[in-house]
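Visitor: Once you've had a glance at the structure underneath, I'll fire off some questions.
What follows draws every value from the coordinates through simple rules; no lab data is involved. Please read all numbers here as calculations on a predicted model, not as lab measurements. Positions of Cβ are generated from backbone atoms using ideal geometry, with glycine treated the same way; all protein chains shown enter the neighbour counts.
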Amino acid sequence: AIKFSSRSTTIALTSQLHENQLIISVKDQGPGFSKQDRPFLFQKFKKLSARPTGGESSNGLGLAIVKTLVDRLNGKIDLISETGKGSEFVIEIPVE
C-alpha cells in the first residue's frame with residue numbers, strides 16, 4: 001500500500017476480533033487494480049499495470065507472500081478495488 005500511494009494520502013490499517021475470526025484490513029488511496037489484473041494479483045513475480053509512485057522497484061512477490069501466509073493460517077484474503085480510487089485488502093484468519 002505504501003509503495004503505491006502518494007505521500008499525501010492516508011493508508012488505513014485496522015484489525016478486529018469478530019467471533020472466531022481475526023479481521024485485518026489495509027485500505028489505501030492508490031491507483032487501484034483493474035479487472036484485467038485481478039486474476040494475476042497473487043502470482044509470484046507478476047508485475048501488474050499499477051506502478052509504484054516514488055520510482056521504487058517491484059519484484060512481484062509482496063502479495064504472493066501475503067497470500068501464502070494467509071493460506072497457511074487457513075484464512076482468506078479479499079480485494080475491494082476500483083481503478084483510480086484505491087484498494088482495500090481484507091484478511092480473515094480463524095483463531096481459537
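Visitor: Where does each of 16-27, 80-91 land if you order them by average Cβ count within 10 Å, highest first? Don't jump to the answer; show the numbers that get you there.
Guide: Details: 16-27: 12.8, 80-91: 16.4.
Final packing ranking: 80-91, 16-27.
Visitor: So, one more: In nm, to one decimal, how far is the modelled label at Glu82 from the one at Ser25, with both set 7 Å along Cα→Cβ?
Guide: Taking the two extended label points, one gets 1.5 nm.
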